[in-house]
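Notes follow the structure.
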Amino acid sequence: MMISETINIEEYNPYYKAYIDKASDVDILKGLKSNFDNAIDFYSKLPYEKHDYAYAEDKWTIKDILLHVVDTERVFSYRALRIARGDKTPLAGFEQDGYVVSGNAKKRSLESLIEEYKSVRLATISLFQSFDRETLLKMGEASGFPISVRALGYIIVGHENHHIQVIKQRYL
């Protein structure tokens with residue numbers, strides 16, 4: 001069963017359907033925890049010469065991608081927190097390309113990025129563990145579209161799965 005079959009399209013911007021479809025489990029916490037172990041194993045085993053590799057000019061490196069995944073998770077977890085706590089303020093989008101440029105992943109080791117990933121993911125797991133079913137169904141607005149707390153959880157999981165798939169297909 002695809003995740004999008006269990007979540008209403010009214011709960012998210014249709015742009016995110018591809019990520020929601022790539023979420024690894026109907027249970028958000030299981031998906032977050034499973035991805036935690038899988039991602040650490042995946043990134044830890046990448047050959048050193050691939051860390052700063054980009055498959056084409058103007059494409060991100062593997063380190064850029066990992067930092068992008070971390071940054072995106074932070075933003076989406078923050079959105080989930082705000083909506084879960086009943087904040088009705090519309091939340092702005094963010095410019096992912098600018099984040100990657102400013103992130104300076106090339107100046108960091110992959111190991112340091114993996115450590116940052118671990119910290120962020122554990123915080124995300126802790127946050128989503130605090131949500132009950134009613135909280136997961138709360139709605140807010142982000143980037144000009146309605147979004148639920150649970151959709152944000154599925155997007156975090158599916159977004160990560162998407163980027164690991166891209167690395168496997170185009171970088172290795």
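Run the simple label-point estimate for Asn104 and Glu141 please: 7 Å along Cα→C-beta, distance reported in nm.
Modelled inter-label distance: 3.7 nm.
When N counts the residues of region 123-172, how does its alpha-carbon radius of gyration compare numerically with 2.2 N^0.38 Å, as a ratio?
1.43
Can you tell me what the convex hull of the Cα atoms of region 20-120 projects to on average, as an area in nm²?
Reported value for the Cα convex hull: 7.8 nm².
Output the DSSP H helices from the chain with an along-axis C-alpha extent of no less than 30 Å and a mean Kyte-Doolittle hydropathy no less than -0.5.
Within the chain the helices that satisfy the rule are 62-84, 149-170.
Just need the relative contact order of the chain here, percent rounded to a whole number, with Cα pairs under 8 Å and 6+ apart.
41
Taking amide H positions as placed 1.01 Å from N in the peptide plane, with prolines and chain starts having none, which residues 5 or more places from Ile147, or on another chain, fall under 5 Å of its amide H?
Those qualifying (amide H under 5 Å, at least 5 residues apart or on another chain) are Gly140, Glu141, Ala142.
What accessible area per residue, rounded to a whole number of Å², is obtained for the chain using a probe radius of 1.4 Å?
Using a 1.4 Å probe on heavy atoms only, each residue of the chain averages 52 Å².
Would you work out what percent of the accessible area of the chain, with all protein chains in place, is carbon or sulfur (probe 1.4 Å)?
Carbon and sulfur together cover 52 percent of it.
From the phi of every residue in region 139-146, what ³J(HN,Hα) in whole Hz does the Karplus formula 6.51 cos²θ - 1.76 cosθ + 1.60 yield, where θ is phi - 60° and glycine or proline is x?
Karplus values, whole Hz, x for Gly and Pro: 10, x, 10, 9, 6, x, 10, x.
Using a basic spin-label model with each label point 7 Å from the Cα along Cα→Cβ, how many nm lie between Arg85 and Asn38?
3.1
How big is the chain in terms of Cα radius of gyration and Dmax, in angstroms?
Over the chain's Cα set, Rg and Dmax evaluate to 15.8, 47 Å.
The values are calculated or read from the model by the stated rules, or taken from the named source; none is laboratory data. Everything numeric here is computed off the predicted structure, so don't read it as measured data. Heads up, the Cβs are rebuilt from the backbone with ideal geometry, glycines too, and the neighbour counts pull from every protein chain shown. Note: accessible area is taken over every heavy atom of the protein model, side chains too, but ligands, DNA and RNA are not part of it. Shrake-Rupley method; radii C 1.70, N 1.55, O 1.52, S 1.80 Å.
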